[in-house]
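Here's the structure we're looking at; comments come further down.
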Amino acid sequence: MIDLTLTQLADGLAQGDFTSRELTDAYLARIAEHDAQINSFITVTEDSARQAAEAADARRAAGQASLLTGIPLAHKDIFCTQGVRTSCGSKMLDNFVAPYSATVVEKLDQEGMVSLGKTNMDEFAMGSSNESSFYGPVRNPWDAQAVPGGSSGGSAAAIAARLTPAATGTDTGGSIRQPASFCGITGLKPTYGRVSRWGMIAYASSLDQGGPMARTAEDCALLLSAMAGFDPKDSTSIQRGVPDYRSALDSPLSGLTIGLPKEYFGDGLDASVADVLQAAIRELEALGVTFKDVSLPNTRLAIPSYYVIAPAEASSNLSRFDGVRFGHRCENPQDLEDLYKRSRGEGFGAEVKRRIMIGTYALSEGFYDAYYRKAQQIRRLLTQDFLAAFNEVDLLLGPVAPTTAFNLGSKNNDPVQMYLEDIYTLGINLAGLPGMSVPAGFAAGRPVGMQLIGPHFEEARLLNVAHQYQRVTDHHQQAPAL
Amino acid sequence: MQWEAVIGLEVHVQLATQSKIFSGASTAFGAEPNSQACAVDLGLPGVLPVLNEKAVEMAVKFGLGVKAEIGRRSIFERKNYFYPDLPKGYQTTQMDAPIVGPGVVDIVLEDGAERSIRIHHAHLEEDAGKSLHEDFQGMTGIDLNRAGTPLLEIVSEPDMRSAKEAVAYLKSIHALVTYLGISDGNMAEGSMRCDANVSVRPKGQETLGTRCEIKNINSFRFIERAINHEIERQIELIEDGGRVVQETRLYDADLDETRSMRSKEEANDYRYFPCPDLLPVDLDDAYIDYLRSQMPELPEEKKARFVEELGLSVYDANVLASSRAMAEYFDRTREICGDAKQAANWVMGELTGRLNKEGLEIQQSPVAAEQLGGLIKRIIDNTINGKAAKQVFAALWDGEGHTADDIIEAKGLKQVTDTGAIERVIDEVMANNPAQVEQYRAAEPDKRGKMVGFFVGQVMKASKGTANPQMVNQLLKQKLEG
């Protein structure tokens, strides 16, 4: 059972091959057996998962099941879940139980999906290796020495290790795509505004976007159809109908033109990753895709722009964690200032503090024009680069990250090296575009993902290309030996 | 040296929306602490703001009321600072692109002189909660019921030159917002709060002196005292060879003094930046025109009508138009009695005097406009005289009868205009006071005028106040002259 995709599980449940309760028990048993090594879950909700599974089986018996009813999944611990701790990977929220659920969680609950628990992540989604989590690093199921990527590292590792068939993730600068690439799974970051942010703890509000992570593009399509949509509780969600993403999966690729940004294939891209991408390009050519070289001239400015805007928003978003109403509070505060300083000093980890300081500096009087305003101007230039490219081509293809998964501890003392990890993903967030990571092969035993990038709201096209590619390749079917 | 004060006001008006500016929680005053604060108001992780359209509508109406340019695109920004009653660590407000641009408010001073005060802009923002320093044994309690209540902050140009002008301006603003129905204007409950920027300069000097901001002025009475106090403090300081330091000062109504709160050096760097959780507010002509068509008659228009059509003095018209309730009361009274001047005298005199004495608002008056109008009608048609009218008013106030006619009847206050009846009383009084009659007749003609008062008093007393005073006067003179 655990090797089946979401789509196959849906068929199995529908045909009565197994029940949701059996399926849920099987995954819970696997988590119990393997997660001590991987550390992909912060919280496993065994009891409520079994109850939800039984409710799903009852719903199916009553003839009211939807496609996703009874299928287990896990939520990144950034999504608020009513009655279950939502830590955001931080000591600050180690004791926080939200009194409400995120819209994404609610929507998937309504489908009758069964939540197995909350997955590990970089603290407040700040990181590219999952090493900044208060709950310890996640290990890459393909190689225990390697990081799973971040910040949605727990979700990616859990899917790769078959501890869950699917998970939710969030992506602010690559946090769905890069761990998907490192763990050999499929992950989609939707267009900004496609999926509600209500109940998703904010890192950088103008960049954050929730999305599906699973083994295949077809699974992601199924999940995205259930997750997406306008939410009156999120002013930045977009009033636009949600297509059935599965219905477009089988469109032929002939006539499609995909651009290869030359800046994404230059210096800094590991040769073994480039080789894997070249092979993927040939596969797609065989499916009728035409490739064309394009340029995104401002790519090198994506990192400096992102590392002003995201920390600036984060410095403000994280001000609410002050020890007054919820979350960590220091012992015996002497006065108000002491309460603030020690509660925040103790509750936040080093990377979070670093970004709060960067953001506070960038927004300070006298520096605002030089940093924040300039970064916003660059953001518009980057967006124009993409829009100009999409005048020439339908989609873009490139690497997700410069390398395969790196080793634990190899970069976490060098923030700038760590930030460079996201060079190919940040621009997509800054422009609000949809992007996805699709397993494209392996280099030295570690997975390599290719990134597909589309114009706004062209998720269906991305999923279509990825699905057709997955029909003729088997990289996404490989499973790590635990 | 002759000094001139320069004053600008920032008035915070609580808008009379049912729910808060960014959440669905109620804005009603006086509830149990923290019973009207939802997850959004508490700033829980993952919550998002959604703008209350009613607040936008009210702000635009205010803008139209001060003939301002309405911001076609206004933007919410975050003002970042830490304080326990500020749940998110930032206040959502408007800065660079406010909803109401430059406008103008006309004021009338006590001597009837009129002036125009320019509005710099007005912007929408959320209120903070309240810190309660009493009853917590040296600790501070936080009540977040008020957090998120919509405020319109109205910022004037430094156009006022005295505390009296500031009061007149505040009264004009009060009248406008209550006319528009966008605020209850209740200063005791904090629905209107005011900060004053005060500086002084030698009369005739162009450049402005260094200003101080006085915070926490919450009544018409205090604003005059606080500003006068601050003007005196600054003049004394300069005349003693000192210099005014730019700072924020707090007005203490109990001690009637201002004291330093923080200097410019200690001022917060609020790190304003556009709120990424809220979209810009775009308003089109159709929307603004629709709201324009919904505007009630405003104080200015009412005042003009009172002067031009009813022949009232500018001062009277200004007082009567100062609040919508007052103007409506006056209009109703006038319609019933048919005499605008009498109605104005009664509303501004007897009624206002009694209301002030009892500490009541005109809406709470025990004497309805219909009752007062009925009373004045009986004065005009000579049914009662002025003295009796005051008795009738007092009886109406005490609820002794439903109409003036009932009371006139019950108390026998109908004026006696029968010459024979009055003559009989005069004869009686003259018979009882032969010495006074002798004196009168012996006096020089030019002294007699004063002496007749004694007899009038006696006659009125004997007739229990019902005799027509003009007739008493005339008949007395005839009889005394013998």
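The values are calculated or read from the model by the stated rules, or taken from the named source; none is laboratory data. Just so it is clear, the model here is predicted, and its values are computed rather than measured. With ideal geometry, Cβ positions are generated from the backbone for all residues, glycine too; neighbour counts draw on all protein chains shown. When the accessible area is computed, the model is the full protein with side chains, heavy atoms only, and any ligands, DNA or RNA have been set aside. Shrake-Rupley method; radii C 1.70, N 1.55, O 1.52, S 1.80 Å.
Please verify whether region B:35-47 includes one or more residues that are surrounded by fewer than 17 Cβ atoms within 10 Å (Cβ to Cβ) and of a type in the set (Val, Ile, Thr).
Going residue by residue through region B:35-47, those that are surrounded by fewer than 17 Cβ atoms within 10 Å (Cβ to Cβ) are B:35.
With the extra rule that they be of a type in the set (Val, Ile, Thr), the set shrinks to none.
There is no residue in region B:35-47 that is surrounded by fewer than 17 Cβ atoms within 10 Å (Cβ to Cβ) and of a type in the set (Val, Ile, Thr).
Conditions (1) over 17 Å from the mean Cα position of the chain (by Cα); (2) crowded, with 24+ Cβ neighbours inside 10 Å, marked per residue:
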| position | (1), (2) |
| --- | --- |
| A:Ser410 | yes, no |
| A:Leu420 | yes, no |
| A:Leu426 | no, yes |
| A:Gly435 | no, yes |
| A:Ala440 | yes, yes |
| A:Arg446 | yes, no |
| A:Glu459 | no, yes |
| A:Tyr469 | yes, no |
| A:Val472 | yes, no |
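Applying a threshold of 8 Å to beta carbon distances and a minimum spacing of six or more residues, or different chains, the list of pairs starting in region B:366-378 at a residue that is within 9 Å of B:Arg332 (Cα to Cα) and open to solvent by less than 10 Å² (accessible area, probe 1.4 Å) and ending at one that is of a type outside the set (Asp, Glu) and not in a helix (DSSP H, G or I) is empty. For region B:111-118, does any single residue satisfy the condition of being within 14 Å of chain A (Cβ to nearest Cβ), surrounded by 17 or more Cβ atoms within 10 Å (Cβ to Cβ) and in contact (Cβ under 8 Å) with a residue 12 or more places away in the chain? The answer is no, given that none of the residues of region B:111-118 is within 14 Å of chain A (Cβ to nearest Cβ), surrounded by 17 or more Cβ atoms within 10 Å (Cβ to Cβ) and in contact (Cβ under 8 Å) with a residue 12 or more places away in the chain.
Selection of region A:185-205 for residues being open to solvent by 10 Å² or more (accessible area, probe 1.4 Å) and either closer than 28 Å to A:Leu4 by Cα or of a type in the set (Gly, Ala, Ser) (or both) yields only A:Ala202. Picking from residues in region A:227-252 that are within 21 Å of A:Gly199 (Cα to Cα) and hydroxyl-bearing (Ser, Thr, Tyr), the one that is farthest from the other protein chains (Cβ to nearest Cβ) is A:Ser237.
Here is a yes/no grid of residues against (1) within 14 Å of chain A (Cβ to nearest Cβ); (2) assigned to a loop (DSSP other than H, G, I, E, B); (3) open to solvent by less than 10 Å² (accessible area, probe 1.4 Å):
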residue: B:Tyr83; (1), (2), (3): yes, yes, no
residue: B:Thr92; (1), (2), (3): yes, no, yes
residue: B:Ala97; (1), (2), (3): no, yes, no
residue: B:Asp106; (1), (2), (3): no, no, no
residue: B:Glu134; (1), (2), (3): no, yes, no
residue: B:Met139; (1), (2), (3): yes, yes, no
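May I ask you to list pairs of residues, at least six apart or on different chains, whose Cβ atoms are under 7 Å apart, with the first in region B:29-47 being more than 10 Å from chain A (Cβ to nearest Cβ) and assigned to a loop (DSSP other than H, G, I, E, B) and the second being aliphatic (A, V, I, L, M) and surrounded by fewer than 17 Cβ atoms within 10 Å (Cβ to Cβ)? From residues that are more than 10 Å from chain A (Cβ to nearest Cβ) and assigned to a loop (DSSP other than H, G, I, E, B), the pairs are B:Gln36/B:Ala28.
Scan region B:262-290 for residues that are open to solvent by less than 30 Å² (accessible area, probe 1.4 Å), within 11 Å of chain A (Cβ to nearest Cβ) and without any contact (Cβ under 8 Å) to a residue 40 or more places away in the chain and jot them down. Give the steps one after another, and end with the answer.
Looking only at region B:262-290, we keep the residues that are open to solvent by less than 30 Å² (accessible area, probe 1.4 Å), and these are B:263, B:273, B:275-278, B:281, B:283, B:288.
After this cut, where a residue has to be within 11 Å of chain A (Cβ to nearest Cβ) as well, the list is B:273, B:275-278, B:281.
Hit for region B:262-290 is B:Pro276, nothing else.
For B:Asp159, the conditions (1) at pLDDT 95 or above; (2) within 19 Å of B:Ala59 (Cα to Cα) are fulfilled apart from (2). The residues of region B:297-317 that are out of contact with any strand residue (DSSP E or B) (no Cβ under 9 Å at 6 or more places or on another chain) and β-branched (Val, Ile, Thr) amount to a single one, B:Val307.
Within region A:301-319, the residues that satisfy the criterion of being open to solvent by less than 10 Å² (accessible area, probe 1.4 Å) and either more than 12 Å from chain B (Cβ to nearest Cβ) or not hydrophobic (A, V, I, L, M, F, W, C) (or both) are A:Ala302, A:Ser305, A:Tyr306, A:Pro311, A:Glu313, A:Ser315, A:Ser316, A:Asn317, A:Ser319. Scanning region B:291-316 for residues that are crowded, with 18+ Cβ neighbours inside 10 Å and more than 22 Å from B:Leu64 (Cβ to Cβ) turns up B:Leu310, B:Leu312, B:Asp316.
Of all the criteria given as (1) in the same structural domain as B:Ala168 (by TED's automatic domain parsing); (2) among the acidic types (Asp, Glu); (3) over 30 Å from B:Glu53 (Cα atoms), the one not satisfied by B:Asp284 is (3).
B:Lys414 - would you say it is part of a helix (DSSP H, G or I), in contact (Cβ under 8 Å) with a residue 40 or more places away in the chain and under 30 Å from B:Trp346 (Cβ atoms)? Let's see the steps before the verdict.
Working: part of a helix (DSSP H, G or I): no; in contact (Cβ under 8 Å) with a residue 40 or more places away in the chain: yes; under 30 Å from B:Trp346 (Cβ atoms): yes.
Considered against the rule, which asks whether it is part of a helix (DSSP H, G or I), in contact (Cβ under 8 Å) with a residue 40 or more places away in the chain and under 30 Å from B:Trp346 (Cβ atoms), B:Lys414 comes out as no.
Restricting attention to region A:91-101 and to residues that are facing chain B (nearest Cβ under 10 Å) and part of a loop (DSSP other than H, G, I, E, B), the residue that is most open to solvent (accessible area, probe 1.4 Å) turns out to be A:Pro99. The listed residues are A:Ala58, A:Ala62, A:Ala74, A:Ala52, and the only one of them that is more than 14 Å from A:Ala226 (Cβ to Cβ), more than 14 Å from chain B (Cβ to nearest Cβ) and buried (at least 24 other Cβ atoms within 10 Å of the Cβ) turns out to be A:Ala74.
Could you list, in sequence order, the residues of region B:252-281 that are farther than 27 Å from B:Pro49 by Cα and in a strand (DSSP E or B)? Walk me through it before giving the result.
Residues of region B:252-281 farther than 27 Å from B:Pro49 by Cα: B:252-267.
Scanning region B:252-281 gives B:Asp252, B:Glu257, B:Thr258, B:Arg259, B:Ser260, B:Met261, B:Arg262, B:Ser263.
Looking at A:Asp171, A:Asp143, A:Asp208, just one residue is open to solvent by 10 Å² or more (accessible area, probe 1.4 Å) and out of contact with any Leu (no Cβ under 8 Å at 6 or more places or on another chain), and that residue is A:Asp143.
Yes or no: region A:421-442 includes at least one residue that is hydroxyl-bearing (Ser, Thr, Tyr) and under 18 Å from A:Ala375 (Cα atoms). Show your work before the answer.
If we filter region A:421-442 for residues that are hydroxyl-bearing (Ser, Thr, Tyr), which is where we start, we get A:424-425, A:437.
From the residues that got through so far, the ones that are under 18 Å from A:Ala375 (Cα atoms) too are A:424-425.
Checking region A:421-442: at least one residue is hydroxyl-bearing (Ser, Thr, Tyr) and under 18 Å from A:Ala375 (Cα atoms).
Here A:Ala102, A:Ala146, A:Ala157, A:Ala125 are screened, and the one residue that is out of contact with any His (no Cβ under 7 Å at 6 or more places or on another chain) and farther than 22 Å from A:Gln451 by Cβ is A:Ala102. When you check B:Gly65 against the structure, is it among the small types (Gly, Ala, Ser), touching a helix residue (DSSP H, G or I) at 6+ places or on another chain (Cβ under 6 Å) and on the phi > 0 side of the Ramachandran plot, yes or no? In short, no.
Do we find a residue being under 30 Å from B:Glu57 (Cα atoms), part of a helix (DSSP H, G or I), outside the structural domain of B:Ile173 (by TED's automatic domain parsing) and not basic (Lys, Arg) anywhere in region B:330-348? I'd like the intermediate steps shown before the answer.
In the first step, residues of region B:330-348 are kept if they are under 30 Å from B:Glu57 (Cα atoms); the result is B:330-332.
Keeping just the survivors that are part of a helix (DSSP H, G or I) gives B:330-332.
Now restrict to residues that are outside the structural domain of B:Ile173 (by TED's automatic domain parsing): B:330-332.
Now restrict to residues that are not basic (Lys, Arg): B:330-331.
Yes, that holds for at least one residue.
Please verify whether B:Arg146 is in contact with a helix residue (DSSP H, G or I) (Cβ under 7 Å, 6 or more places away or on another chain), farther than 25 Å from B:Gly209 by Cα and charged (D, E, K, R), treating the condition exactly as stated.
Details: in contact with a helix residue (DSSP H, G or I) (Cβ under 7 Å, 6 or more places away or on another chain): no; farther than 25 Å from B:Gly209 by Cα: yes; charged (D, E, K, R): yes.
Criteria not met by B:Arg146.
A:Arg50 fulfils the conditions (1) outside any helix (DSSP H, G or I); (2) more than 29 Å from B:Leu48 (Cβ to Cβ); (3) not small (Gly, Ala, Ser) except for a single criterion, (1).
Quick one: is A:Leu260 away from chain B (no Cβ under 14 Å) and in a helix (DSSP H, G or I)? No; evaluated as a whole, the condition is false for this residue.
Restricting the search to region A:166-208, which residues are within 14 Å of another protein chain (Cβ to nearest Cβ), in a loop (DSSP other than H, G, I, E, B), β-branched (Val, Ile, Thr) and within 23 Å of A:Arg240 (Cβ to Cβ)? Explain how you work it out, then say what you get.
Of region A:166-208, the ones within 14 Å of another protein chain (Cβ to nearest Cβ) are A:168, A:170, A:172, A:192-193, A:195-208.
Those left that are additionally in a loop (DSSP other than H, G, I, E, B): A:172, A:192-193, A:196-199, A:201-208.
Cutting the leftovers down to β-branched (Val, Ile, Thr) gives us A:172, A:201.
Result: A:Thr172, single match.
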